[in-house]
Structures are given as structure tokens and as C-alpha cells.
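**Student:** The structure follows.
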Amino acid sequence: MSETTLVKGASLYGDRTADLLLRDGVIAEIGSISTPDGARIVDADGLIALPGLVDLHTHLREPGREDAETILTGSRAAAVGGYTAVLAMANTSPVTDTAEAAERVHDLGRAAGLVDVHPVGAVTGGLGGEELAELGLMHRSRARVSVFSDDGRCVADARVMRRALEYVKAFGGVVSQHAQDPSLAGPTSCCHEGELSGRLGLPGWPGIAEEVVVARDVMLARHTGSRVHVAHASTAGTVEVLRWAKSLGIEVTAEVTPHHLLLTTDLLAGYDPTYKVNPPLRPQEDVDALRAALADGTIDAVATDHAPHARHDKEHAFVDAAFGMLGLETALPVVASVMVSSGLMTWAEVARVMSSTPAAIAGLGSQGRPLEVGQPANLVLVDPAATLVVDRERSVSLSRNNPWHGRTLGASVVATFLRGRPTVLGGELTEP
Ligand SMILES: NC(=O)N[C@@H](CC(=O)O)C(=O)O
């Protein structure tokens, strides 16, 4: 059934104001438009229209940990956050390391129908770090996997990383690396290594453990002529390596999470496991470098690393609690607060780092498209003047490990459209 919606008076990218007619899944008209018969009207006075957001880094937990999140509940969280596509990480149980596993995630995403769910394929079988997974078969499957990652673990072996880069080059894929040298930051390392980790008695996770892997990987990307993507960049040193590699024309892209743009390591002083995340929260100097790098394009994208965890995995002594925090529902408000309100970025630049560039990195042809006539009607309406006090109990995610609980953030997502169909209106899901 064809749906027609007239979005009245939206400010496109925070700039000129126009009506948008969404029909048959595309933006059919932009301008001053009189209401067609039977059309739904969405009053967008004072709202900003951006292309639907694209998240390069989401953990949806299905299959295996449906007590923390499912593809359906994670899709709901994504839609509420203004997303129209997410990349679902491979560290599920079983791991997404075969064509069948990738197709299952893809099909469950389709069935949920709220965002496009694109499975990320594992680089190595079982995330074991040794044997390459079925990269080509996953790419040729119905799921069309183009992004590969062992996220949660680093592809630490340089030979394996080299082979993976060579392999994905053949079909234009990309390897997204969780950069953590295991000999410098092991599985128990859980706090930025520095004065605070010493005082708290927590095992340190030094920035250099990330930087040495990023430096190695950009050299491997140069050597192979292939594409590497740096997941959740967290240090000023990583920014320096990226800047240098890009100046040489090496094919490297990078993402930063909303939490690494705003939260700092001193939050760990209370041992609250909500703030335990991998890579760890860093000092203010790193946060400042990440903000500047996002603003100047050295870091290409914002990705949530939405990492839901059940209470019984998170509510433990700090060293024993699971790594990860929720991100999908709050990413845009955080970026608005940190980058837009401060004057570091315009809304058009937010669209670049949260929609068009991530879509391009992942090779998603129909997402992240500009708001133009004939383009797929994937878009989000944002109220830039809203302030929102985050309440973890109001989340549509199954989990509650929300580091923003009680904080006031600027801007809120009012509506999300996936191929012209509203998934969110008035800030609420259209389907319960
Ligand atoms: N980013 C996180 O803190 N957690 C991730 C994986 C990881 O440990 O990187 C998760 O899957 O929970």
C-alpha cells in the first residue's frame, strides 16, 4: 500500500525551510506543496530534517543474548534514535562468521522492519583471531556483507589482518578494527591507564595499546591497497596517526562514539560499572582531540557502539562487570550537545558524520542519500530546541545500562521515516 506524507515546513539541514512530499518510498517533491488528498500531514515547524542516521557499530545480541537485546528491540531503539540503518556486530552467539548466520540476522532485521539491519561479518572464525571466516561467502550471500569485524576482540595477528585486507579488497569490503594490542591491554584491562587507575587499583588500558594497532593497520592498508576502518577511536595519539595516514592518501576511515566525545575517565572514581566500556573512557585531553578531529574530518563518523547488557552481567564489582553502554537512543542528542551547541559543527556536518559518510563506508547505496527529489525517503526530524532529561526506564532497549541517565541533553528526535513510512512520530514508535 502506498503511503503519502507531507512534511510541512522543515528546515533542511538546519538551513532553508521547505515542505517535503514522501510518496512511494521516495522524496517525490520539495518546495511549497499543497496537501494531496489522503496524505498524512506532519507539522515540522521549527524542526530540522536530516537524512536518516546510519550506525556503523551496533550490538543487537541476537542470536544468543536475547535477554539483553533482540534484533526487534534494538531496531526500536535505533528508530527512536533517528536511525534508518544499523550495522549489527558479529560478536553474537553463535558468531556471525558464515553466510547462513549473516542471512539470519539480515532476515530478522527485515522482519522487524524498523531499520535496515546489515550484519557485520566476523573477520576470523569464532572471533578466534586465527583463521579467516567465510568472508567471500558472506559477501555473496543475501545479506551482502561488506563490513567485517572481530569487534570486542582485536585482529591482533598482523598476518591475519593482512590477509583479511587483501581478501575484502577484491569486492570493495572494509575491515573494521577493534584496535587493542592484547599484550599491552589484556582482557581485564578496564580503566584508562594513568594516575586514576593506579589510585582505584583497576587494571590499566593504556592509549598506546590502541595507537600501535592503528599505526600498524594503516601501514597494512597502504601495503595492500585495501580499506581499513578504525572502530571507536579513543585517544589523541590515534588522531595523530589518522591525520598522518590520511595526508599520505592511505584508505583509512575512523569512527568515534558519543560517549568518547563527552564522558571522561574520572567518572570511574565511584566504581559505577555503567561507565565501564571498551575502549575505556579517557581524560579530557583525548576527548578534546576527538572533538577537533571529528570537526575537521580526521575522524569520519560517529558510531554508537550500542552495547546492551542484562542487569546480571553489568551489576557486579567493576572488574567483573561486562564492558559496554547503550547508545542508539541518545546519540543524536549527545552529538547536538557536544558538537552543534558548541559551534564546532553545523547540522549539515552532523548529517555527514552520522548519515552520508557511514553509509558510504559501509557501501549502503540507498542510505545516507541527500534530501533531494527522487532519493529514498529515509529521514529524521529533529527538534533542536528541545531539552531532554534522560530516563533509563523510558528506553525501548531491553537493557538499562544507560550512562546518560539523569543528564540533560539538547535536541530530540521527533520523527523517523524509513522509505517514506514513519517508524517514529511525536518521539514515539508508531507501532507498539
Ligand atoms: N564496547 C564494549 O564495551 N562492549 C562490546 C564489545 C567490546 O568489548 O568492545 C560488547 O559487545 O559489549
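The values are calculated or read from the model by the stated rules, or taken from the named source; none is laboratory data. Keep in mind it's a predicted model, so treat the numbers as computed, not measured. Neighbour counts run over all protein chains shown; Cβ positions are idealised from the backbone, glycine included. Heavy atoms of the whole protein, side chains included, go into the accessibility calculation; ligands, DNA and RNA do not. Shrake-Rupley method; radii C 1.70, N 1.55, O 1.52, S 1.80 Å.
**Student:** For the chain, what does the relative contact order come out to in percent, with C-alpha contacts under 8 Å and a separation of six or more?
**Tutor:** After rounding, I find 20 percent.
**Student:** Hey, another quick one. Measure out, as a whole number of angstrom, how far apart the alpha-carbon centroids of the range 201-280 and the range 150-167 sit.
**Tutor:** 16 Å
**Student:** A further question on this structure: Using a 1.4 angstrom probe with every protein chain in place, what is the largest-first accessible-area order of Leu267, Leu364, Leu332?
**Tutor:** From most exposed to least exposed: Leu267, Leu364, Leu332.
**Student:** Mind checking which lysines have their Cα closer than 23 Å to the Cα of Lys314? Skip sequence neighbours fewer than 8 apart in that chain.
**Tutor:** Straight-distance partners of Lys314: Lys276.
**Student:** Report, to the nearest whole %, how much of the accessible area of the chain belongs to carbon and sulfur atoms, 1.4 Å probe, protein only.
**Tutor:** Roughly 50 percent of what the probe reaches on the chain is carbon or sulfur.
**Student:** Taking θ as phi - 60°, what are the ³J(HN,Hα) couplings along the range 73-83 by the Karplus curve (6.51, -1.76, 1.60), each to the nearest whole Hz, with x for Gly and Pro?
**Tutor:** 5, x, 5, 4, 4, 5, 4, 4, x, x, 8
**Student:** Per-residue counts of other Cβ atoms within 10 Å, averaged by peptide: what ranking do you get for 400-408, 11-19, highest first?
**Tutor:** 400-408, 11-19
**Student:** Let me ask something else. Provide the FRET efficiency to the nearest 0.05 for the Glu131-Ile208 pair, computing r from the beta carbons and using R0 = 30 Å.
**Tutor:** Result of the calculation: an efficiency of 0.60.
**Student:** Keeping all protein chains in the complex and leaving out DNA, RNA and ligands, what accessible area do you get for Ile41 with a 1.4 Å probe, in Å² to the nearest 10?
**Tutor:** Probe radius 1.4 Å; accessible area of Ile41 about 90 Å².
**Student:** Can you list the GluC sites (Glu not before Pro) in the range 103-175 that are in a DSSP coil and have 12 or fewer other beta carbons within 10 angstrom?
**Tutor:** Those that pass, being in a loop and sparsely packed, are Glu130, Glu131.
**Student:** How far is helix 99-112 tilted off the main Cα axis of the chain, in degrees rounded to 10, range 0 to 90?
**Tutor:** Approximately 40 degrees, to the nearest 10.
**Student:** In whole Hz, what ³J(HN,Hα) sequence does the range 250-257 give by Karplus (6.51, -1.76, 1.60; θ = phi - 60°), x for Gly and Pro?
**Tutor:** After applying 6.51 cos²θ - 1.76 cosθ + 1.60, I find 5, 7, 10, 10, 8, 10, 10, 8 Hz.
**Student:** Output needed for the chain: three equivalent-ellipsoid semi-axes, defined as square roots of 5 times the C-alpha gyration tensor eigenvalues, in descending order, whole Å.
**Tutor:** In descending order the semi-axes read 33, 24, 21 Å.
**Student:** Roughly how many Å is it from the Cα centre of the range 29-84 to that of the range 329-396, as a whole number?
**Tutor:** The two parts, judged by their Cα centres, are 10 Å apart.
**Student:** Determine the per residue accessible area of the chain with all protein chains present and a 1.4 angstrom probe, expressed in square angstrom.
**Tutor:** 36 Å²
**Student:** So what is the orientation-averaged projected area of the range 260-301, using the convex hull of its C-alpha atoms, in nm²?
**Tutor:** In nm², the orientation-averaged hull projection of the range 260-301 is 3.0.
**Student:** I need the phi-derived Karplus couplings for the range 147-154: 6.51 cos²θ - 1.76 cosθ + 1.60, θ = phi - 60°, integer Hz, Gly and Pro marked x.
**Tutor:** 10, 10, 7, 9, 2, x, 9, 8
**Student:** I would also like to ask the following. So how do Trp244, Trp347 rank on accessible area, 1.4 Å probe, biggest first, that is with the largest at the start?
**Tutor:** Trp244, Trp347
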